[in-house]
Structure formats: structure tokens, C-alpha cells
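Worksheet: the structure to be examined is printed underneath.
The values are calculated or read from the model by the stated rules, or taken from the named source; none is laboratory data. Note that the coordinates shown come from a computational prediction; the quantities given were computed from them, not determined experimentally. Neighbour counts are summed over all protein chains in view; Cβ atoms, including those assigned to glycine, are modelled from backbone coordinates with ideal geometry. Protein only, heavy atoms only, side chains kept; ligands, DNA and RNA dropped before computing areas. Shrake-Rupley method; radii C 1.70, N 1.55, O 1.52, S 1.80 Å.
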Amino acid sequence: MREDYQRVYAEVNLDAIRSNMDNMKANIAPETRMIAVIKTDGYGHGAIPIATELENLDYLFGFAVATAEEAFILRHAGIEKPILILGYTFPYSYERLIEEEVRMAVFREDTLQELSEAVARLAKKGIFKKAKVHIKVDTGMSRIGVRPDAEGLDFLRRAYRTDGIEVEGIFTHFARADESDKSAANKQLDLFKSFVNQIMEQTGIAIPVVHCSNSAGIIEMPDANMDVVRAGITLYGLWPSSQVRKDIVRLCPVLSLYSHIVYIKEIEEGTEVSYGGTYKADGVRRVATIPVGYGDGYPRGLSGKGFILIHGKKAPILGRICMDQFMVDVTDIPEAAMGDRVTLIGSEGQHRITMELLGELSGRFNYELACNIGKRVPRVYTKGGKILSTKDYYQDF
Ligand SMILES: *Cc1c(COP(=O)(O)O)cnc(C)c1O
């Protein structure tokens, strides 16, 4: 490994990304296409290399992100497939979004007017493009979206009547598809389906791209396939929740986190370790220092609870995780030496440390842990066992 990445690096396995996508695709209807959800920089894994890896898959409709800027960097990196912004977008970005053919979720009347004006301004500059939108329907999240009733129907009619707008899609989002009891999710699905039917019956409009499923839906709700499904957490080989069945779609974790031991010392019985002295040695102990901390997104909640892998063995965390360092017990790993590589997330020997396990131990959510792996951690992208590229926020500027 690169000397400058010895402190810490995250290895992102692009083959695993690809196989997770293929395995999900195999579990949905043949005609259903997929959207790869790569918001928050691809759940912390890196949106650009992942989009580049997936862009040419024929079953991939496109990508979804959360903000205008997340869309712009993908276009800047040469990504050409449709990009959908899932949340609200602010008017400052409309001209550029239209020009770059980024699809927006719409659900506010004022957005329709603003978009129409942006289309007209672009036309004056000689750029003739429509604003492509996906209507967001709220069927149970109470987050964003129009209601699936007369109000929603009225909004849809307005969208069709507004100059410069092209309604490409309509979608909703499940609040509880990751629970083993699917009654709440099925209720949302029924509401959405009957709304889409109602649109057909009352306006004659067949919206081209109808979608609602997230990762949990892809795995467990075949009735929710429709035109496309939106794969988020599962793309990264992580599970939507502990209740989702793990025997339907084979997923492989994509990210591993590695560091190296920078110091080893022996401490006497009664010696305290780290801030607050929450760990006190009950005998002579051999302690290794790892130069990673919560400043890198390694959760402080693992203080005194988690473990890492060294030479295929578990080394328990001693005392509190600091911002940039923490200590582990290597008394039972006599071969551990300064400079040895250690695994914080990933597998060694017969042991595996998953994001889900770290979530359980630290009392946090696996989605959140992935998103929070910090900028100080360089990402190393591998394919076919070889390093394809790297991303380091402290060096690539
Ligand atoms: C984040 C998000 C997804 C992806 O959810 P996962 O549970 O990660 O699959 C899909 N749709 C919308 C609207 C989202 O906000």
C-alpha cells in the first residue's frame, strides 16, 4: 500500500458493487430497470468511481442524488445517464440543472413556475431544453410530495400545462419496507398504484417512469418493481435493517477500512488507558495504538466495546476512542508489532467486522456510519484485485 495511506485508508471494491447490482437485478422483473442511489458521495464510498463503474449497465436507468451539487460533480466527471435529485432543489440551480438534463423531484407549485421561467431564460440564450421532472407523491412518509388525491391530480395537470416542463416520472418512497411486517409498506404501495391508475383514467396520461421501491423493497416486495427501482444501501453490500431477509439477494460488503499499528507498550496492573481512565488494566497488558479516531468517522460509541482484527485475531478496544487515535489490547496476539496492518472494517481469517456490527456496538445506524467515514480517509478503488484509482480530499485539490 502507498506509504502516504498507511495511517488509514478505505478500500472500495468495485467488483462487489457490480455483483451487488447484478444480484439485485436478478431478483426483480426482467423489464424493471434500476437507479443507483449515490447521494452523500455514494453513502461515503465515493459517487464518481461508482457511477463510472455502473454507467454502462444496460439495465441501469440512471442515478439518484440528494442535491444539485451532487448532480453537477457527476456531470463534470462525464456521467451521461439520467440523474434524479430526490429532494427539493432550490431555484438558483434550475438553469444549470435544465442545461445538464438533471431530473428534479417536483411537488411545489412555485417550482413549476420557476422552472418554466428558467427554461425561457435559457431559450433566450439559445439553449432549447425542457425541464425534466419526476412528480413526488407522499404516501406515508409525510416528508415531501403531493398527496395521492385530488390535490395531487391537480398538481399533475398543472405540471402538464406549464410551458417548458416534461413530466418524465412519478415516484413515492416507503417508510417501513425494511420491517418484516409489510402491512404499512403495502398500504403505501396500494395508495401509489391506485393514484397512478386514477391519473390514467381521469387524464389519459401514462407517465413513462413510475417508481417506488428502495433496497428493502427490491429484496422483499416483488409487487413494487414497476418501471424502475432505486437501490441505495444494498448497492454497498449493506442491509436496510436486521429484519430484512438475508437469503434472497446475495450482497457483498464493498468497503474495508485499514490502518497500521504505530506504537506498542506494556502496561502494569492498575494502569489506566485513554481519556477518563474508563479502562484500568487488571494485570500486565500489551497495548497497541491505532492512529484513527472519531475525526475519521470511526464511532466514539465503540469506546470500550468494539474490536479490530490483527493477524486474523480480535483485538478489543481499550478505553475511549480519541479524535485521532485509540488503543487495543494485543496481549493475546504476541506476533503483533509496530507497522502491522490492522482491519477496522472488513474480514481477516474467519472473522468479519461489518458496518452493521459496528452500528450495533456503537448504537448507531449502518447507513450513518458509512456516510460519516471522513474526508481524512483516502479511498482506494479496486477492480480485479488491482488498484484502479484513489481519492484523497487532502491531496486531490
Ligand atoms: C435514500 C433514498 C433511497 C435509497 O434508500 P435505501 O434504503 O438506501 O435503498 C431511495 N429513494 C429515496 C427517495 C431516498 O431518499
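Within segment 1-58, being more than 19 Å from V377 (Cβ to Cβ) and among the acidic types (D, E) holds for D15, D22, E31, E53, E55, D58. Looking only at segment 352-397, residues that are open to solvent by less than 40 Å² (accessible area, probe 1.4 Å), farther than 21 Å from G306 by Cα and among the β-branched types (V, I, T) come to 2 in all. Across segment 265-285, what is the total count of residues that are surrounded by fewer than 17 Cβ atoms within 10 Å (Cβ to Cβ) and closer than 20 Å to G339 by Cα? Qualifying residue count for the region: 2. The residues of segment 35-87 that are β-branched (V, I, T) and within 13 Å of the ligand (Cβ to nearest atom), listed by number, are I35, V37, I38, T40, V65, T67, I85. Annotation note: of R158, R147, the sole residue that is at pLDDT 95 or above, charged (D, E, K, R) and over 26 Å from S213 (Cβ atoms) is R158.
Can you work out which of the residues in segment 247-257 that are in a loop (DSSP other than H, G, I, E, B) and within 15 Å of the ligand (Cβ to nearest atom) is most open to solvent (accessible area, probe 1.4 Å)? This residue is I248.
The rows are residues; the columns are (1) of a type outside the set (K, R); (2) in a helix (DSSP H, G or I); (3) under 27 Å from G87 (Cα atoms).
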residue	(1), (2), (3)
A10	yes, no, no
I17	yes, yes, yes
E31	yes, no, yes
A36	yes, no, yes
H45	yes, no, yes
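Checked against (1) free of Cβ contacts under 8 Å to residues at least 40 places away in the same chain; (2) at negative phi, F174 meets all criteria but (1).
For beta carbons closer than 6 Å, sequence separation of 6+ or different chains, a first residue in segment 217-242 that is over 13 Å from Y367 (Cα atoms) and more than 10 Å from the ligand (Cβ to nearest atom) and a second that is open to solvent by 10 Å² or more (accessible area, probe 1.4 Å) and of a type in the set (K, R), the qualifying pairs are V228/R33.
Is it true that E201 is away from the ligand (no atom under 13 Å from the Cβ), within 23 Å of H134 (Cβ to Cβ) and not in a helix (DSSP H, G or I)? Criteria not met by E201. Within the group G78, G62, which residue is over 20 Å from the mean Cα position of the chain (by Cα) and either touching a residue at least 60 places away in the same chain (Cβ under 8 Å) or closer than 18 Å to D41 by Cβ (or both)? Step by step, each of G78, G62 is checked, and only G78 is over 20 Å from the mean Cα position of the chain (by Cα) and either touching a residue at least 60 places away in the same chain (Cβ under 8 Å) or closer than 18 Å to D41 by Cβ (or both). Any residue in segment 326-338 that is open to solvent by 50 Å² or more (accessible area, probe 1.4 Å) and among the charged types (D, E, K, R)? Yes; the residues of segment 326-338 include at least one that is open to solvent by 50 Å² or more (accessible area, probe 1.4 Å) and among the charged types (D, E, K, R). Only one of the listed residues (G306, G312) is small (G, A, S) and either surrounded by fewer than 21 Cβ atoms within 10 Å (Cβ to Cβ) or over 26 Å from A370 (Cβ atoms) (or both). That residue is G312.
Annotation: of all residues in segment 339-351 being part of a loop (DSSP other than H, G, I, E, B) and over 26 Å from A281 (Cβ atoms), the one that is least open to solvent (accessible area, probe 1.4 Å) is G349.
Considering segment 52-163, the qualifying helices (runs of 4 or more DSSP H), each wholly inside and each with 1 or more residues that are among the polar types (S, T, N, Q) and open to solvent by less than 20 Å² (accessible area, probe 1.4 Å), run over 109-124. Within segment 167-179, is even one residue away from the ligand (no atom under 16 Å from the Cβ) and among the charged types (D, E, K, R)? There is no residue in segment 167-179 that is away from the ligand (no atom under 16 Å from the Cβ) and among the charged types (D, E, K, R).
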